[in-house]
1. Which of the peptides 382-394, 555-567 is most tightly packed, and how do the rest follow, going by the mean number of other Cβ atoms within 10 Å of each residue?
2. Residue by residue through segment 595-602, what is 3J(HN,Hα) from phi via Karplus (6.51 cos²θ - 1.76 cosθ + 1.60, θ = phi - 60°)? Round to whole Hz and write x for glycine and proline.
3. How many nm separate the modelled label positions at GLU317 and ASN132, each set 7 Å beyond the Cα in the direction of the Cβ?
4. Against the empirical 2.2 N^0.38 Å scaling, what ratio does the C-alpha Rg of segment 390-493 come to?
5. How compact and how long is segment 562-654, expressed as Rg and Dmax of its alpha-carbon atoms in Å?
6. Could you tell me the largest-minus-smallest coordinate of the C-alpha atoms of the chain on each of the three principal axes, in descending order and whole angstroms?
7. Over all alpha-carbon pairs in segment 95-228, figure out the percentage whose distance exceeds 24 Å.
8. Evaluate the distance, in nm, between pseudo-label points positioned 7 Å from the Cα of LYS265 and of VAL611 along their respective Cα→Cβ axes.
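What follows is calculated from the coordinates using simple rules that are stated; it is not laboratory data. Computed from a prediction, not measured in an experiment: that's the story for all the values here. Please note: Cβ atoms are built from the backbone with ideal geometry, for glycine as well, and neighbour counts cover all protein chains shown.
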Amino acid sequence: MEPSLYSNPHHHFQSKRLIRNVLPGKKKPSRNACQNKKKMIRQLLPFTLLLLTAAQPGRADEGMWLLNRFPKEELKKKYGVTLTDAFLRHLQMSSVRFNSGGSGSFVSPNGLLFTNHHVGAECIYKVSTKENDYMKNGFQARTNGEEKACPDLEVNVLLRIETVTAKVNEGVMETTPPAEANRLRQANMAKLESACNKATGNRCDVVMLYSGGQYDLYEYKKYTDVRLVFAPEEAIAAFGGDPDNFTFPRYCLDFALFRAYENGKPARPANYLKWAKAGVKEGELVFVSGHPGKTDRLATVAELEFQRDVTQPYGLEILKKLADRLLAFGAADPENKRIARDLLASLQNSFKARTGFQRGLTDPELMALKQDAENRLRKAVADDPAKQKKFGKIWDEIAAYVNEYRAFYVEYSLLERAGVTGSELFTLARTINRYVVEKPKPNGERLREFTDAALPATEMAMYSTAPVYPSLEEVVVAEWMKRLVEKLGAGHAVVAKVLGGRTPEAAARYYVRGSKLADVAERKRLTASAEAVAASNDTMIELARMLDTDGRALHKRFQDKVEAVQASSASRIAQTRFAVYGANEYPDATFTLRLTYAAVKGYTNATGNPVAWATDFTGLYGRATGEEPFALPPSWQKAKSVVRLKTPYNFVSTADTHGGNSGSPTVNAKGELVGILFDGNIEGLPNQYLYREKMERSVHVASQGIVESLRRVYGATEILKEIGF
């Protein structure tokens, strides 16, 4: 019912993974203006709202479409382009999901993977050292032998989709209490995933669509041996830093290359994307294939108001305070700055994104559209006695569960949902503590991250060889301790037990310095038996134990009183929508593969000034000041005389994208790669709740700019040959 505390539009997913990721100066409208606007909105609703209508020819380029339900006829009527099933299948099999929280694609027959620098940053950060800082200096492997293995990265390719709604709902009756229905569905999902995994050896996930109106089983081929091939310097990949983030014009070389391996050799995918020789052009029709993380376009007004009043303000406060603390930590020492860089960038990105979400939720026009849409649906139900009897109480149930969640949201977030934000050690401790308890249970009774289907990914993260930095750990743990006192009070039983009479800083030092969990061998020793964990005096394991009873109780309260009711009511709203409007809509995003189509075009911004469709290298050098975050790395300063300055660099489109779409390949109507999505502009952030395209744009790196940089700046001859240049 809400974004993850640390999710944002173009970054996603435990500890730092969860953290990855505003209309300035807008005046408050007058009362008369609001009244006139509401009147206009009511008049336009039948034509503008996705939430009320099935797909209509000629509407905006809206839709995070399932590839097995793509609106080919609508596309043909609007753009005159016929999309074949072979085109869709090829794009599906060429697209990949990075489980660090983004998207990507195969771009060569030798397993070469193409994604954003910021999607791959976690790996780049983890393979860096004080002596070899690949985030700062970039990285290029001249041979396969020089490629750097990512410690815990998994990449997925979607093989097939099977609708399993009836199987998930097996045993659930209309009279089944929501909490019991939720447990039955969870058990059935675990059973289906396990059976699929055992039969195929592949990753299998049951995905809830249309708020529970439909369940699909997604089967993925997974690659767990993924190696870094090329990354530009962070200074150019994220040029402009936080000030330019979610804006346009942009000047970022936000891409990186990895390679998937099987049995120690480069993978040989049957499908991969070829690069367009001419690159992207203004006005061109493009397709974006990726994995948007989570949208709330089907949420009710009560749920959106809960986000506006509770979850977004809370998240903004937490993100800002932790980011400020990391800025101070980094300012004290260059090595501090290096080890905090990845986490800090994620926090700042999420903060800015949430600011955009909140501006959407406080936008009178957007909320009026949502309210009117809900009113029309409720009226359609009320006007039909049969529908009223079956669906009439749904909105009251939602309001009740929202009030329930409001009562314990902060405590649940601090003690269970978000855990010790940013702490790798605590994430490991809690996983180990629960692993030995959950694994012996019947599959259907375990927490979701410990089911048979989920265990391989959990174990890969648990035994990751990525470095852990105690000084950074102390900072983030101390900040969490401080938040416990501020939000729950020093007298709260768990807070008092955790602090043990210490200050937050002293408690953080105690828990971090007394832990050996940075050692992978120690983790493996502990997970070998429940007795080893029970006997452990590791301080971080002790902390996980202290939180476990209350955390599990809060989690059960969430499952029974919030998640269960939300799933039940939302699925019935989906049924209501199907009954009233038909089933031709796309579902909210779920970090599963979607396809959107769009036009490459500029826009007129809020000040009335035109914004061109693309930037070029002339603009990049003009934007550079020599001071962070507008300082060019030495390689780019040296290359200025040889780079073709008018080469398209970043561009915008009307593509309907969101969190998790980062790294999505952007292809033309021939299926040729013309760019890679890396962001959205600030005006587009409220599309989390309702798609609009007047000023809202997705932001991409142009393929021409990437090829030019590989050739003129980095001399990456072998990479260019591999991708067809």
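1. Descending packing order for the listed peptides: 555-567, 382-394.
2. 10, 10, 10, 6, 9, 7, 7, x
3. Result for the modelled spin labels: 4.5 nm.
4. Compared with the compact-globule rule of thumb, segment 390-493 sits at 1.40.
5. Looking at segment 562-654, its Cα Rg and Dmax stand at 23.0, 63 Å.
6. Projected onto its principal axes, the Cα set of the chain covers 66, 65, 57 Å.
7. Numbers: 4110 of 8911 pairs.
Taking all Cα-Cα pairs of segment 95-228, the fraction more than 24 Å apart is 46 percent.
8. 4.8
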